[in-house]
Amino acid sequence: ARSDLVAKYFRALGDPTRLGILGLLQAQGELSAGELTRRLGQAQPKVSNHLACLRWCGFVTTRREHRVVHYRLADQRVTAILELAQGLLDDNGDHVAACCRIPEA
C-alpha cells in the first residue's frame, strides 16, 4: 500500500546518522564521503552504508572526481522536509521527546 511505502520513506529519515549526513549536506552543499566520515566521527563502512541508502532512496546524489566521491542533496524538497521537521519540533519537541510509543533510534 502507498502508506507502507511512505512509512518506509520516513524510516530512511529515522536514523540519526542519516539525518546527520543530510544536515551536513544541507549546510555545506557538497562533501566527500571521507569528509562526511570525519565530521560525523563514525566508521567509514557505517557512513558508506548510510550513504548508499540515501542515494538509493533519492535523498542524495553523487559526483565523482577521480577517486573521490562527492555527495549533495538530490532535491531541494529534501531541504524543505528537514526545515519543516525542525519547525515542527520547535513547537512540539518536548512532546516528541517524551513520547514513549516511538522507540529511540
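The values are calculated or read from the model by the stated rules, or taken from the named source; none is laboratory data. This one's a predicted model, so the numbers in the text were calculated from it and none came from an experiment. Methodologically, a virtual Cβ is constructed for each residue, glycine included, from the backbone with ideal geometry; neighbour enumeration extends over all protein chains shown. Accessible surface areas use protein heavy atoms only, side chains included; no ligands, DNA or RNA. Shrake-Rupley method; radii C 1.70, N 1.55, O 1.52, S 1.80 Å.
Only a single criterion out of (1) without any contact (Cβ under 8 Å) to a residue 40 or more places away in the chain; (2) in contact with a strand residue (DSSP E or B) (Cβ under 9 Å, 6 or more places away or on another chain); (3) not polar (S, T, N, Q) is not satisfied by Ala80, namely (2). Scanning the range 4-13 finds one or more residues that are out of contact with any Lys or Arg (no Cβ under 9 Å at 6 or more places or on another chain), surrounded by 13 or more Cβ atoms within 10 Å (Cβ to Cβ) and outside any helix (DSSP H, G or I). Here Gly34, Gly14, Gly20, Gly29 are screened, and the one residue that is in contact (Cβ under 8 Å) with a residue 60 or more places away in the chain and small (Gly, Ala, Ser) is Gly14.
Yes or no, residue by residue, for (1) more than 14 Å from Leu13 (Cβ to Cβ); (2) open to solvent by 40 Å² or more (accessible area, probe 1.4 Å); (3) small (Gly, Ala, Ser):
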site: Thr61; (1), (2), (3): yes, yes, no
site: Arg67; (1), (2), (3): yes, yes, no
site: Leu73; (1), (2), (3): no, no, no
site: Ile81; (1), (2), (3): no, yes, no
site: Gly87; (1), (2), (3): yes, no, yes
site: Asp91; (1), (2), (3): yes, yes, no
site: Cys99; (1), (2), (3): yes, yes, no
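Does Arg18 satisfy being within 12 Å of the chain's Cα centre (by Cα), under 22 Å from Glu104 (Cβ atoms) and exposed (fewer than 14 other Cβ atoms within 10 Å of the Cβ)? Judged against the criteria, Arg18 is not a match. Helices (runs of 4 or more DSSP H) fully within the range 27-105 that include at least 3 residues being touching a helix residue (DSSP H, G or I) at 6+ places or on another chain (Cβ under 9 Å) and closer than 22 Å to Val6 by Cβ: 44-56, 76-98. Please verify whether Ala74 is more than 14 Å from Leu19 (Cα to Cα) and aliphatic (A, V, I, L, M), treating the condition exactly as stated. Considered against the rule, which asks whether it is more than 14 Å from Leu19 (Cα to Cα) and aliphatic (A, V, I, L, M), Ala74 comes out as yes. Of all the residues in the range 33-54, those that are in contact with a strand residue (DSSP E or B) (Cβ under 6 Å, 6 or more places away or on another chain) and farther than 24 Å from Arg77 by Cβ number 0.
Against the numbered list (1) surrounded by 14 or more Cβ atoms within 10 Å (Cβ to Cβ); (2) under 14 Å from the mean Cα position of the chain (by Cα), Ser32 comes up short only at (2).
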